[in-house]
Amino acid sequence: MSDVQPPVFEINRIYTKDLSFESPKSPAIFKQENKFSVDVTLDAKSTLLEGDFYEVILSVTVTAKDDANKEVAYVAETKQAAIFTLKNFQDEQKKQILATVCANILFPYARETISNIINRGGFPQLYLAPVNFDALYAQQNAQASAGQTTH
């Protein structure tokens, strides 16, 4: 008999940690026909809470600027978070799961929150395209490796 325990992955809780919306040019911005350029930034961070419990926070910030005068129309930001249990995984596996699997779980919640808050701010609903967190993780690892070899 082997003492090797099977890996355990659990979602313990999903929650919104932070949420903000700013529309600095309202109500004047609603008086004209506007076309916006939208910039989206994503960031995922994980923290060991205790034992096998990790908090993962996916931050999504959407900034829309008026194409005509480049003024900020709105900024919407959410920090969607969750507590996960990761037990009996190797360290590299944990890092990848936290950065990819957990971020993939959180993204639909963040996307819905962003879409709703922008709509409640009086602007057309914004649909964020799906994100390939596996590709982002691979890219970050490649950049980190390239950075280490140049020093």
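Selection of region 29-52 for residues being loosely packed, with under 15 Cβ neighbours inside 10 Å and not in a strand (DSSP E or B) yields F30, K31, Q32, E33, K35, G51. Looking across region 17-57, the residues that are out of contact with any Gly (no Cβ under 9 Å at 6 or more places or on another chain) and polar (S, T, N, Q) come down to S20, Q32, N34, S37, T41, S46, T47.
For every residue, the table says whether it meets (1) of a type in the set (S, T, Y); (2) within 17 Å of I14 (Cβ to Cβ); (3) outside any helix (DSSP H, G or I).
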| position | (1), (2), (3) |
| --- | --- |
| K95 | no, no, no |
| C102 | no, yes, no |
| N116 | no, yes, no |
| L128 | no, no, yes |
| S145 | yes, no, no |
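Given (1) out of contact with any Ser or Thr (no Cβ under 8 Å at 6 or more places or on another chain); (2) not in a helix (DSSP H, G or I), where does A138 come up short, assuming only one miss? Looking at each condition in turn, A138 falls short on (2).
If I filter region 72-80 for residues that are on the phi < 0 side of the Ramachandran plot and exposed (fewer than 15 other Cβ atoms within 10 Å of the Cβ), do I get at least one hit?
For region 72-80, residues on the phi < 0 side of the Ramachandran plot and exposed (fewer than 15 other Cβ atoms within 10 Å of the Cβ): absent.
Among the residues of region 69-91, at least one is within 30 Å of F9 (Cβ to Cβ) and part of a helix (DSSP H, G or I). Taking every residue in region 107-129 that is surrounded by 12 or more Cβ atoms within 10 Å (Cβ to Cβ) and pairing it with any residue that is of a type in the set (K, R), at least 6 positions away or on another chain, the pairs with Cβ-Cβ distances below 6 Å are L128/R111. Determine which single condition P124 fails, assuming it passes every other condition in (1) of a type outside the set (D, E); (2) assigned to a helix (DSSP H, G or I); (3) more than 14 Å from the chain's Cα centre (by Cα); (4) more than 18 Å from T16 (Cα to Cα). Condition not satisfied by P124: (2). Within region 15-45, the set of residues being over 24 Å from the mean Cα position of the chain (by Cα) and among the aromatic types (F, W, Y) comprises just one member, F30.
With respect to the conditions (1) β-branched (V, I, T); (2) more than 25 Å from N132 (Cβ to Cβ); (3) part of a strand (DSSP E or B), I14 lacks only one, and its number is (2). Please tell me if T63 is buried (at least 16 other Cβ atoms within 10 Å of the Cβ), over 14 Å from the mean Cα position of the chain (by Cα), within 22 Å of V131 (Cα to Cα) and without any contact (Cβ under 8 Å) to a residue 40 or more places away in the chain. Against the criterion (buried (at least 16 other Cβ atoms within 10 Å of the Cβ), over 14 Å from the mean Cα position of the chain (by Cα), within 22 Å of V131 (Cα to Cα) and without any contact (Cβ under 8 Å) to a residue 40 or more places away in the chain), T63 qualifies. Those residues that are in a strand (DSSP E or B), closer than 23 Å to P124 by Cα and among the acidic types (D, E), I need them from region 53-68; list them, please. Matches in region 53-68: D66 only.
Coordinate-derived values only; no laboratory data. None of the values given here were measured: they were computed from a predicted structure. Cβ coordinates were reconstructed from backbone atoms using ideal geometry, including for glycine residues, and neighbour counts include every protein chain displayed.
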